[in-house]
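Each reported figure results from applying straightforward, stated rules to the coordinates on display, with no laboratory input. From a predicted model like this one, the values you see are computed outputs, not experimental measurements.
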Amino acid sequence: MEMPARVVRLVKWPYESIPPDVGELQEQLEREGWRPLRMEDPPSAYYPERQQQHEEVCWLVRGRLEVGFPDGEVFRLLSGDRVELPAGSRHWLRVLSGEGALYLLGSR
């Protein structure tokens, strides 16, 4: 029997006029069972394609990011957006914003 495919999940920030708060987002991730790390990258930072062995979440606090996949699909994240990646996913990440990016990267 074939296992169902795991799905990458993108959640857009629903509060246009309210910027995300890093402390509140970190607490939310911890309540959901994630182990978040605070990441801050300079403009144009790039992490080449890799495959993680665990579930991963990236919740963007400030800036703009791209997360891309081997099939050519690319998600563009704005402040407050969140992407969840199942274990075994291959992906890359690039900072698009001139001011760099602040985000939470969690695993479980």
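With just the Cα atoms defining each centre, how far is the stretch 24-38 from the stretch 59-93? Give it in Å.
If you average the Cα positions of each part, the centres end up 17 Å apart.
With Rg and Dmax of the Cα atoms in Å as the read-out, I listed [x] 13.7, 48; [y] 13.9, 43; [z] 17.1, 64; which label goes with the value calculated from this structure?
Given [x] 13.7, 48; [y] 13.9, 43; [z] 17.1, 64, the calculated one carries the label [x].
Nearest 500 deg cm²/dmol is fine: what mean residue ellipticity at 222 nm does the chain get from its DSSP H runs of n ≥ 4 alone, each adding -39,500 (n - 2.57), divided by its residue count? Intermediate results must be reported in sequence, preceding the final value.
On the way: 1 runs with 10 residues, N = 108.
The per-residue figure over the chain is -2500 deg cm²/dmol.
Taking only Cα atoms, what is the 0 to 90° angle, nearest 10, from helix 22-31's long axis to the longest principal axis of the chain?
In the chain, helix 22-31 runs at an angle near 30 degrees to the longest axis.
Below 8 Å, C-alpha to C-alpha, sequence gap of six or more: please give me the relative contact order for the chain in percent.
On the way: 241 pairs, mean separation 43.2, N = 108.
Here the relative contact order equals 40 percent.
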